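Since the structure comes first, as structure tokens, the remarks are kept for the end.
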Amino acid sequence: MLRTLWIGLALCPLLAVTAAPRASNDLELLGNTVHLHGRIIDQPCVVAPESLEQEVEMGVVDVRELYANGAGAQVPFVIRLTNCKPGIFRMAKVTFTGAQDAQLSGGLAFSAGSAKGAGIRLYDATQTQLDLGTASRGYVLGGSTENELLFSARVEGHPGAIAAKSITPGDYTAVANFIVSYE
């Protein structure tokens, strides 16, 4: 009797699987949930495609220039806004973010390359220094649908590296992101 009970218990799962009804060759898998998020805005301007992923060629800066002047020449670049809707907002401000240079307060650190002892400093159209994470002055959005926001960047030596004459020449790369806000 006990042997029959054990055989019966062993066959129960097999019977349950074979006895379950199946719909032709369909196989039902476990699903999951999709969460969709977004935002609808009335965008005052569109950043032009050529301004989204810019390559700014900083050129060559001689170490002697960094020791003598503390920085190289400013190199201009533009963020172009298109399809602006005059009347929605009056001004645009730009905030740059990126890897902060610990030796150059508010400056952008080199993210790759062999050059050491310097970083990048950003400026607005009035030559006012822009610190990373701080909004620029307001650029007036004229009645035009096209607006150019002028900026510049330059290589600047770290004060300690200039004093010790320890700037290491070499290639460098720095990456800054930007956010345009409107008022």
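Restricting to the range 118-135, what's the tally of residues that are crowded, with 17+ Cβ neighbours inside 10 Å, touching a Phe, Trp or Tyr at 6+ places or on another chain (Cβ under 8 Å) and not aromatic (F, W, Y)?
Qualifying residue count, the range 118-135: 7.
Just checking, does the range 37-53 include any residue being surrounded by fewer than 10 Cβ atoms within 10 Å (Cβ to Cβ), touching a residue at least 40 places away in the same chain (Cβ under 8 Å) and on the phi < 0 side of the Ramachandran plot?
Checked the range 37-53: at least one residue is surrounded by fewer than 10 Cβ atoms within 10 Å (Cβ to Cβ), touching a residue at least 40 places away in the same chain (Cβ under 8 Å) and on the phi < 0 side of the Ramachandran plot.
Please work out which residue is nearest to D171 (Cα to Cα), limiting yourself to the range 90-103 and to residues that are crowded, with 18+ Cβ neighbours inside 10 Å and out of contact with any Phe, Trp or Tyr (no Cβ under 6 Å at 6 or more places or on another chain).
Step by step, filter the range 90-103, then rank; the result is D101.
Yes or no: the range 97-105 includes at least one residue that is among the polar types (S, T, N, Q) and either on the phi > 0 side of the Ramachandran plot or without any contact (Cβ under 8 Å) to a residue 24 or more places away in the chain (or both).
For the range 97-105, residues among the polar types (S, T, N, Q) and either on the phi > 0 side of the Ramachandran plot or without any contact (Cβ under 8 Å) to a residue 24 or more places away in the chain (or both): absent.
A short reminder: the numbers here are calculations on the coordinates, not readings from a lab. If you're wondering where the values come from, they're calculated on a predicted model, not measured in any experiment. Using ideal geometry, Cβ is built from the backbone for each residue, glycine included, and neighbour counts are taken over all protein chains shown.
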